Structures are given as C-alpha cells and as structure tokens.
Number of protein chains: 2
Amino acid sequence: MSERFVVIGGIAAGMSAASRIKKVKPDSEVIVFEKGEYISYGACSMPYYISNPEGDYRDLIVLSVDDAREKRKIDVRTNHFVLGISPTEKRVFYRELISGKEKSINYDRLVIATGAFPVKPPVGGVDEDYVFSLRTLDDGIKIKEFINEKKPRSAVIIGAGYIGLEMAESFKELGLDVTIVEMLEKPMPDYNEKIISTILQTLKENGVKAFFNARVERIEDNIVYSTAGNFRADIVLLATGIKPSVKLAKDAGIELGENGAIAVDSKMETSVSGIYAAGDCAESIHRLTNRKVYVPLGTVANKHGRIAGLNAARETIRFPGVIKSAEFKLFDREVARCGLTLREAMEEGFDPVEVSITASSSAHGYRHRYPIQIAMIGDRRTGKLLGAQMIGKVGVAHRINIVATAIFNGNTVKEFSMFDLAYAPPFSPVWDPVLIAANVLSGKLK
Amino acid sequence: MSERFVVIGGIAAGMSAASRIKKVKPDSEVIVFEKGEYISYGACSMPYYISNPEGDYRDLIVLSVDDAREKRKIDVRTNHFVLGISPTEKRVFYRELISGKEKSINYDRLVIATGAFPVKPPVGGVDEDYVFSLRTLDDGIKIKEFINEKKPRSAVIIGAGYIGLEMAESFKELGLDVTIVEMLEKPMPDYNEKIISTILQTLKENGVKAFFNARVERIEDNIVYSTAGNFRADIVLLATGIKPSVKLAKDAGIELGENGAIAVDSKMETSVSGIYAAGDCAESIHRLTNRKVYVPLGTVANKHGRIAGLNAARETIRFPGVIKSAEFKLFDREVARCGLTLREAMEEGFDPVEVSITASSSAHGYRHRYPIQIAMIGDRRTGKLLGAQMIGKVGVAHRINIVATAIFNGNTVKEFSMFDLAYAPPFSPVWDPVLIAANVLSGKLK
C-alpha cells in the first residue's frame, strides 16, 4: 500500500514540501489542506500587485490548484480548515469550510506549514472595514478592491518594517497621501545608523510622512489617533508584525522553541517523529550562532518546505541554516542585509568591529554613478566576516548576496577581500564596493 | 638607511604596489618609472570615455601624478623608459624620454609591472593613421581626438573579444556604422552556445554587422579587405588581443611561464629573489586547477599589485588565485562568467556537467521582468561547482559574483543550492536564478 503524506498549509512551504514528496515518491498519496481559496502564491509580491493598475492576482500564483492536482498529482483541498492533530492516532481532523462538515483522515507522515498570522495593535478600531492587514492573497485582493472602489486619498500605515515600507511605496505609486506611524524610534532599527538615515531621507524625498516613537491610541471615523498626532486615513494598513501559527502543533503536544515557533531539528522534524514543520510556523537555525531563530521570510519558507518534504519522503537532507539575508525596494533605493547586525553580534558574544563606507556603483570615467553605502561587520577574535548592510540606487540587491555567500562559508574578512570577482566599468569600480569594505574592515581588525 | 623600492610601470598594478609599499614602509624610498605621461588610470573605462560627449580623460585617472607625489610621497617619474634590469647589480637602466638622457639607479627590491601590448594582425595597413589599438590612455585620447576632428561615419573593428564588443557599443553610441570582423567562428567562443546566441542577437538588434570565420587581408585607402568582404572604414580598431610585456624580465634572466607571462609564486615573487612581478605582465594561479594561467584583467592586476607591494615590503601575503571572473556590458545586456567553461573543465580532467536555464529577473507578479540565461557547470566526480556564465538585461553583473564567491570557496553545487540569499520581488524570484540553476544542476550530478 502506498504511503499517505498530509501537508497542512498550501502556500510556499506547504506546496514546496508536497511537490518534493510527490517527486521523490510518485506513488504516494499527498494531501494538502489549505484553509483559504488560493495555494502557492508569492505573497511578497502583493505590494506590487496592489500598485500596478494592470495587476491581476492570478499573476502571483506560482502553481494553480488545477495544475497541482492534474500535473503534479497532489490532492489539494482548498477551503479545508484543520481542527486538530492526533500524533498517537496519526490522524488529522478538519472541517470542509464550504459544506461545514467535519471529518478526519489518517496520515503516515505529516508536514505542518501553517504559516503565521498578523499581530494587530491592541487598540479600538482595528476591525473597521477600511483597516487591513496584508498577509494572505485574500488580504491583497481585498485591499486592491477597496482602493478601486473607494478611491482612498489618504493612507496611514502602522509599522515601519518591511511590509510597512514597501506598502508606503505602493500607496504612493497609486497617488495616495501616505503617513507612517511607528512605535519604535526609527525604521529598521537593526540597520547601521547611516543606512537608516538614507531610509529616512528616501521616505522624505518621496513625500512619505513618517512618525516614530509614536503609539497608536485608536482608529475611529477614518482618523488614526496617536501620540504623534491624529491622521486622516481613508485606508489604514496594520503592518505591526506577525506571529507563527502554532496552535495546532501546540495542542498536539509538539514542542515549541523559545522564539515561539515550532521547534525543529536540521531535518525539519519536530519533537514528534514523523511530523515535520516548515515555513513561517517553524524556527530556523542561525548558521553563525547555532542559535534557533525565527525568520519568517519567503526564501526560508521555500527551503524549509523542500527539506521537510524530502526528509518526510525518507531522503536525508539537512537545512544548512539561515543568516537572515533580507532585502527590500524603497522607491528608487535598494536596501539589503545579511548576517549579524552590530547589536546582534555583540549580544551573541562576538567582538565585533563595524565599518561604514560609501563607494561608487561604477568605475571612474563611467557616466552614471551612484553612491552605495555599505556597513560591514567582522569579528576581532576570529577575523570572520559577520554581517553587512547596504543601501543604494543600484547594485545592492544582488551584491548583498556576494557577502552572504562569503558569510555562509565562514570566510574571514581578509580572505574575502582578495576574492576574484568580475568587474566592468558600468557595474562596479575595479575593486568592488564589497571588497573595498572588506579591505577597510580588514585594516581595523588587526 | 632607508630601503629603495623601484617599480617599473605606473598603471594599475604598479601604482597599487607602490602605494602599498609606502603605506607599510612610510620611510622607504619608492620610485615608479612610467614610460607614458599618465599613471593610475582606469583603462577599462576607455570605451565609455570615448562614447561620452562630455568625456574627459582626467575622469579616468584614479590618482594624479601630483597626488601620488605630494600626498603619497611616491617618487613618480613619468616619461621614463626602462631599458634594462641587472639583478646581480640590483640596478635599473632607464632613459628620460624628454631629455633623451640615459641613467641608472640601484634598488633594494624591484616590482615589475610592465603590463601588456596589443597584438596587431600581420597584414598591411595596420599603421595607417586611421587605424588604432586601444590599450593605453594615450590610445584612448587619440581615438577620441580622431573622432572629434575627423567625424568618421564608419568603423571596422577587428576582433570580437571584450574590447571589440565594448567598442562596438561605443562607436554605435556615437552614431557610427559598425562592422566587426572576427577570425574565429563566433564571439566569446568559450561561452555557452545559448549565451553566444544572445550575444549575436544583441549585436543584430543594435545594428552591428558582424562577420565570423573572417580573415583580414589588408587595410588600404579606408577599406578593410577580408575573406568576408571589403568594408569601408573611416576608422579601424584592432582588438585582436594582447601579449604580456616581458622583454625586460626575460633579458634580465627572469623565468617566464608556459603562458608567456612572467612566472611568479603565490607571493608574486619571480625566479629572482627580491624581484616581484604584477599585473598584465605576470601570470596567475587558477584556484580550481592549480595551473598557471594568464589573466590580464584590471581586477587581477590591482590584486597582484597590492600583494607584490606588500611582499616586497616584507609583509607576507599570498595571492589566493583567480577563477577568471569577467564581465562586460553589451548595449542593453550584461554578460558575465566565472570559473571554468565546459571546454576548460573537460581539458582539465574534470567530469563536467553543464545545465542551461532561463529564469526571470523578478518574482511572479512584479511588472518588470526580464529573462536571465544561466549556464552552470559542476563536476560529477566531486559534486563541485566549477563555473557559470550569464546574460540578461538586468541582474547579471553582480549575480555572477555570488557564484564566483561559492566557487572560490570550493562549494559543491548541492551546498550552494541551499544558501540563504536575500530576495525581494523586484530583484529576483524567491529562488534566485543562481539557486535555480544550482538545483537543476544538482539533479543532473546525481
């Protein structure tokens, strides 16, 4: 008899896992329960879908339900809400949301990919019909519909993290007046000060009003009341973070990590043998610190899913960890980080040194040149490269991954500074900005 | 008494070496002999200086003679031509080109950075006044002056290497009718076939006529006579390769490598103790094959110079080798390579597998997406990543260096495929194209 694999959650991690299982074990039965209507979509693209007048939500879908069923032979069940897991019975209990019927099914192996949910600030008015979170495709579609129908002229975004900043650009593209209200004293507080300054300058250049150290008190009658002032808001976006969806796992007796996400080993297996977890509901291991961390990003979720799926299907593959590589576009700037920030490095017991340089995107004599700011961090004790952050109009988004690859390899700053990187005048000075930063940092580590 | 360091050649490698020596040993005497008038310029930028109507040759100069002398305290002697080296006497013989006087001077340690010279095809007419090479800044200035004064309307470029292709774009930018005549059967013959196709298509899209398998017979009365036809040429560019300038070294009894360049060890020291060589006159070691190779590129020359200078100044630092990372801009395309090509890998005794993929520059749902073609090569025996080549309108120039960093580290394809790279929808799909290529290649290596 063929094995039955059940996957809870059909977005990035879940569908990656399901696809891998089916690829490795084509004769097995793979069932995916997804509580929503859509599967396998690129949630990170929603800010661009929203701002694009021709944007179609179907463009965000990587694999349609039909293709998953017909081409990949995955038994995808959308609008199916899982109510509980019994590890002893190896059984999943679920509700068919359309019919309302409750049922259960046995599994041989289980992958939990329940994702995360948005945290809402504990104030009045967050459930008003002009107040949105942006987490699921359904959220994105609703925001777009609201904008098309109601033609809002003003937006208040609560929170200045990745989503908040990306949506500031998105709303501005649509011609809205945009105000950000953030509780912390600055956006992206982990970044180097100079990079944060450029983020603030970018917001200013693009007419986004941003208030920090500002607590929202309530939302009422299209006004966001805060300690920084009261702001008109035809639409409000809550971008105040997410938490892992772990209720199912917790209720089933599966261990959680200190970070609140489902605890997993390097095979993405949970504390219960045969049950795997992947994506925004699961923790990761940090490659530099060996510490368990919660990094709910699409890149990580896809890798989690693939690895959980392969191990569930009895291949052996280990997750090599994360270094918190992340980036975003902010109007005409690219902003990126990888590895540890200075604060993280200090907290983790390193003896970090940070340098901050500005280099040119192109060589001497090339017409179009833009400054790239780079902060780079190394460890005085071991000489190792620990982290980098960058901002610039061009040449940041992929350049960060050069440093990420060096950090992932455990390179010292000095080693890295002599790497043979390709160069041509339109794209870089002859010493690439990352090598310039490494050379400067190397001098300080002596 | 302070030591005297003599450096022969004042461009990239020479001035890098001189600057390092002076930094490490500020009390030493550092003399640089440069036969030309200019030092420390970015020769790679000349195609862009030529095509830029506001281009000024001074923009190409990284360090002026005055700054080198006054700020760095380097005794720079331009228009000084070195005639010979006597290793036994530790003496350099030279001619002051302005006065015509011949003199000599002793050194304690010597760095040879004599660069390379252009190879001219052995046909009549290559010395006509409308026929140019592009090697020194002086060459660049002359070409620009010729264009400004003579207003040529047609250009023939002999050779379809990096310089030939970059100058095709440069001449086209200036409105010239451009024809390339190349002896080999295709441009950049080491690249993957599909990438070469896109190079050819790019030339076509931009109105550059290119003829391959074509031998030039002579140049006469502004006509380039070739086996592919006879082409009108108000200006002719010879871009048929370079050779290392090794006469001085050879005459002094310094060993040359099989590749014809000056043989050096990992400290950039030649066969004569205390004499170092750096830049386009010196060989490099290939990190993947441990074989000596000749890689005359600006990136390599600058590293050579730095390392030769440091070792000459009695620091110990070893050159970690090259992997032939290189790239160029061709109209609206970025073209790049690193590591071994399929042919090189076969010749070096690897058991190579190559995959060729096309991925998108951006995520699903992002408006502006362009295809990126990637060829990636791995070794079946060891699983190691050996090389990659790419072409695309965006996201190639820095992305190649992600792969270069992995290759430099000796990563396997499988390891690399799970690296934590940053991503945002405007810049990449959630699996970066290089990871997609690695995943596909990993499947083929099993």
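Among the conditions (1) in a loop (DSSP other than H, G, I, E, B); (2) in contact with a strand residue (DSSP E or B) (Cβ under 7 Å, 6 or more places away or on another chain); (3) farther than 28 Å from A:SER284 by Cβ, the only one that B:ILE391 does not satisfy is (1). Restricting attention to the stretch A:25-52 and to residues that are over 15 Å from A:ILE143 (Cβ atoms), among the β-branched types (Val, Ile, Thr) and in contact with a helix residue (DSSP H, G or I) (Cβ under 7 Å, 6 or more places away or on another chain), the residue that is nearest to the other protein chains (Cβ to nearest Cβ) turns out to be A:ILE39. Close Cβ contacts (under 6 Å, 6 or more residues apart or on different chains) running from residues in the stretch A:137-159 that are more than 15 Å from A:VAL236 (Cβ to Cβ) to residues that are modelled with pLDDT of 95 or more and in a strand (DSSP E or B) comprise A:LEU137/A:TYR41. For the stretch B:396-417, the set of residues classified as touching a residue at least 12 places away in the same chain (Cβ under 8 Å) and either basic (Lys, Arg) or surrounded by fewer than 24 Cβ atoms within 10 Å (Cβ to Cβ) (or both) consists of B:ARG399, B:GLY410, B:ASN411, B:THR412, B:LYS414, listed by residue number. B:LYS73: surrounded by fewer than 18 Cβ atoms within 10 Å (Cβ to Cβ), away from every other protein chain (no Cβ under 14 Å), touching a Lys or Arg at 6+ places or on another chain (Cβ under 7 Å) and not hydroxyl-bearing (Ser, Thr, Tyr), yes or no? Against the criterion (surrounded by fewer than 18 Cβ atoms within 10 Å (Cβ to Cβ), away from every other protein chain (no Cβ under 14 Å), touching a Lys or Arg at 6+ places or on another chain (Cβ under 7 Å) and not hydroxyl-bearing (Ser, Thr, Tyr)), B:LYS73 qualifies.
Each row is one residue, and each column tells you yes or no for (1) among the acidic types (Asp, Glu); (2) within 26 Å of the chain's Cα centre (by Cα); (3) assigned by TED's automatic domain parsing to the domain that holds A:ILE141.
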position	(1), (2), (3)
A:ASP56	yes, yes, no
A:VAL62	no, yes, no
A:ARG69	no, no, no
A:ARG72	no, no, no
A:THR78	no, yes, no
A:LYS90	no, no, no
A:GLY100	no, no, no
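Taken over the stretch B:38-77, the residue count meeting the criterion of being small (Gly, Ala, Ser) and without any contact (Cβ under 8 Å) to a residue 40 or more places away in the chain is 3. Comparison of A:SER2, A:SER104, A:SER99, A:SER28 shows that the only residue that is modelled with pLDDT under 95, farther than 18 Å from A:ALA301 by Cβ and out of contact with any Cys (no Cβ under 9 Å at 6 or more places or on another chain) is A:SER2.
Residues checked against (1) on the phi < 0 side of the Ramachandran plot; (2) in the same structural domain as A:GLU166 (by TED's automatic domain parsing); (3) within 23 Å of the chain's Cα centre (by Cα):
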| residue | (1), (2), (3) |
| --- | --- |
| A:LYS103 | yes, no, no |
| A:ASN106 | yes, no, no |
| A:VAL111 | yes, no, yes |
| A:GLY125 | no, yes, no |
| A:GLU128 | yes, yes, no |
| A:LEU134 | yes, yes, yes |
| A:LEU137 | yes, yes, yes |
| A:GLU149 | yes, yes, no |
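Taking strands (runs of 3 or more DSSP E) as the structural unit, those lying wholly within the stretch A:253-367 and holding at least 3 residues that are within 14 Å of chain B (Cβ to nearest Cβ) correspond to A:326-330, A:333-339. Within the stretch A:16-37, being assigned to a loop (DSSP other than H, G, I, E, B) and buried (at least 21 other Cβ atoms within 10 Å of the Cβ) holds for one residue alone: A:GLU34.
Against the conditions (1) closer than 22 Å to A:LYS172 by Cα; (2) crowded, with 18+ Cβ neighbours inside 10 Å, A:ASP56 satisfies every one except (2).
Filter the stretch B:408-424 for residues that are of a type in the set (A, V, I, L, M, F, W, C) and facing another protein chain (nearest Cβ under 9 Å); which is nearest to the chain's Cα centre (by Cα)? Ranking the qualifying residues of the stretch B:408-424, first place goes to B:PHE408.
For the stretch B:247-280, a tally of residues being closer than 19 Å to B:ALA301 by Cβ and of a type in the set (S, T, N, Q) returns 3. Just one residue in the set B:GLU347, B:GLU315, B:GLU327 is of a type outside the set (Phe, Trp, Tyr), surrounded by 19 or more Cβ atoms within 10 Å (Cβ to Cβ) and either modelled with pLDDT of 95 or more or touching a helix residue (DSSP H, G or I) at 6+ places or on another chain (Cβ under 8 Å) (or both); that residue is B:GLU327.
Please find, among B:ALA308, B:ALA359, the residue that is in contact (Cβ under 8 Å) with a residue 60 or more places away in the chain and not assigned by TED's automatic domain parsing to the domain that holds B:VAL434. Exactly one residue qualifies, and that residue is B:ALA308. On inspection, B:GLY55 qualifies as within 14 Å of chain A (Cβ to nearest Cβ), part of a loop (DSSP other than H, G, I, E, B) and closer than 30 Å to B:ILE143 by Cβ.
Only residues that are part of a loop (DSSP other than H, G, I, E, B) and more than 9 Å from chain B (Cβ to nearest Cβ) were counted across the stretch A:58-69, and they come to 2.
Could you list all residues from the stretch B:112-165 that are part of a loop (DSSP other than H, G, I, E, B), in contact with a Lys or Arg (Cβ under 7 Å, 6 or more places away or on another chain) and of a type in the set (Gly, Ala, Ser)? Correct list: B:GLY125 only.
Regarding A:ALA13, is this residue within 21 Å of A:ILE105 (Cα to Cα) and either in a helix (DSSP H, G or I) or within 22 Å of the chain's Cα centre (by Cα) (or both)? Judged against the criteria, A:ALA13 is not a match.
The values are calculated or read from the model by the stated rules, or taken from the named source; none is laboratory data. The structure presented is a predicted model; accordingly, all values stated were derived computationally and were not measured. Note that we place each Cβ from the backbone using ideal geometry, even for glycine, and neighbour counts take in every protein chain shown.
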